[in-house]
Each structure stands twice: as C-alpha cells, then as structure tokens.
Amino acid sequence: MTTVPQDWDSAYADGTPPPWDIGRPQPAFVRLAERGLLSGRVLDVGCGTGENTLLAAGSGAEAVGIDVATTAIQRARRKASERGVAATFTVADALALSELGQVFDCLIDSGLFHVFDDDARARYVTSLGSVLRPGGMGYLMCFSDREPGDWGPRRVRQDEINAAFADGWEIVDIAADAFDINPIMGASTAQAWLVTLRR
Ligand code: SAH
C-alpha cells in the first residue's frame, strides 16, 4: 500500500462532517445517473461515506466504493445496510487500484483527482487506467481554477486535465459544473470541472 500523505481518516473522525461530506450525492452525479450513465460495474474512487456509490447502486449499477479512510468506509457500509442498497465498500488506495483485481465499466471520481500533487496525479491516472475496460467511461469532478481564493483543494485548469489524460484516454467533455459543499465562509457551492473520459 502506498503511503498516503494526508491523514484522511481524521477528517471523518472529528465529529463535524468535512465540507465535501454533504449526506447526499453530488447534483452533477445525480444528473449523470438520471441519464443512465452510471451503469454496469461502477467503481467510485475516493468514495468517502459513499453517497455517489449508493446513487449508482440505486440506479441499477453493480457499485463498488473504495477509500483510504476506514471511518468513511464504515459509515458508507452502515448507510448501505440502513437504506437496503447493495453496494460494496472497501478500504483501498486509489494509487494502487490494480490490487483490487477487478475491471470496471465506469469510474466515478468526485473530489479525489484534485487532492494529488503532480507526481501522484500521474500515478493516479495510470492506476485508473488499470481497472477500466477499453471503451469504459470515467466521470471525474474536480475543483476548477474558476473558483476564487485559495481555501480548500488545489484548483485545476482544463489544460492540466488534458495533459493528465493525454495517453490512452479520450477526453469526451470538460464542462463547468459545481460541487455542493457544507457551507464554508458563507459559500455552499464551489466551481468545478466535470470531466467525461473514455478509455
Ligand atoms: N467522493 C467523496 C469524497 C471526496 S473527498 C465525496 O464526494 O464525498 C476525497 C476523498 O478521497 C476522501 O474521502 C479521502 O479519504 C479519499 N482519498 C484521498 N487519498 C486517497 C487515496 N490515495 N486512495 C483512496 N482514497 C483517497
């Protein structure tokens, strides 16, 4: 297992939910689900407490969520059983997805890509490619350089997204979208890029 630089588990163990843990799926992913795009074998990478995974499962996907934060995975499993939704949640490293020994039709990343520095970002993209079947789709939402200020995660520019997925991926679309967040300094949304990828 690769060493993960930040102590993600403490973000969940603190009591107050972290800004991204809104207790419901991100609206951008709800729209994808409504279009029937979260289907087949779906992997939600960096799933947190699992709202987007459970959204996919509730839309008929065979959904798996992975995260490094054990507390988040425990909470996701509890939600699945409380809601009677069948989904699998596993503690795993997004930088070593091939260790899952599984291949997926569709990947979800809501708020993970933008946590990595340049070196880890390259390893992350390789890791994603190792578990997505040829022709499989990825839906990735990250912080955007359109978001002012410097609180929260790293801002990502479109040209960085193009560069990161230059090898072995087709970037189908990069659309301006937004994260819903728990209010932080009066804001309840943050500017995002919603990236549609094909392997
Ligand atoms: N997708 C979730 C969480 C986004 S926050 C949501 O929308 O609520 C980013 C998540 O990535 C956190 O849960 C963090 O624990 C997880 N994470 C960070 N680095 C990771 C890594 N290397 N492997 C797997 N998960 C990681």
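Remarks
- Gyration tensor (alpha-carbon) shape descriptor, the range 1-105, a/c threshold 1.5: oblate
- Taking the DSSP beta bridges with both ends in the range 20-198, the antiparallel portion is around 50 percent.
- Rg to Rh, two decimals, where the chain supplies the alpha carbon set and Rh follows Kirkwood: 0.92
- Approximate spin-label separation Ile184-Val85, in nm, with each point projected 7 Å along Cα-to-Cβ: 2.3
- Equivalent ellipsoid semi-axes, the range 126-199, via Cα gyration tensor eigenvalues times 5, rooted, Å: 26, 12, 10
- Per-residue SASA remark: Thr70, around 60 Å² accessible (1.4 Å probe; ligands, DNA and RNA not included).
- Among the protein heavy atoms, those of Ile73 account for about 0 Å² of accessible surface (1.4 Å probe, every chain in place).
- Evaluated over the range 80-138, the Cα radius of gyration and Dmax, each in Å: 12.9, 39
- Part-to-part distance (alpha-carbon centres) for the range 166-199 and the range 44-116, which is given in Å: 18
- If you take all other residues with their beta carbon under 11 Å from the beta carbon of Phe29, and give Lys and Arg +1 and Asp and Glu -1, the sum is -3.
- In the chain, helices alone account for a calculated mean residue ellipticity at 222 nm of -8000 deg cm²/dmol, with every DSSP H run of four or more residues adding -39,500 (n - 2.57).
- When the Gaussian network model of the chain links Cα atoms closer than 10 Å, the mean-square fluctuations of Ser81, Ser39, Ser144 top out at Ser81.
The values are calculated or read from the model by the stated rules, or taken from the named source; none is laboratory data. Bear in mind the structure is a predicted one, so any value in this text is a computation, not a measurement. As a convention, Cβ positions derive from the backbone with ideal geometry for all residues, glycine included, and neighbour counts pool all protein chains shown. Quick note on the areas: whole protein, heavy atoms, side chains included, nothing else; ligands and nucleic acids left out. Shrake-Rupley method; radii C 1.70, N 1.55, O 1.52, S 1.80 Å.
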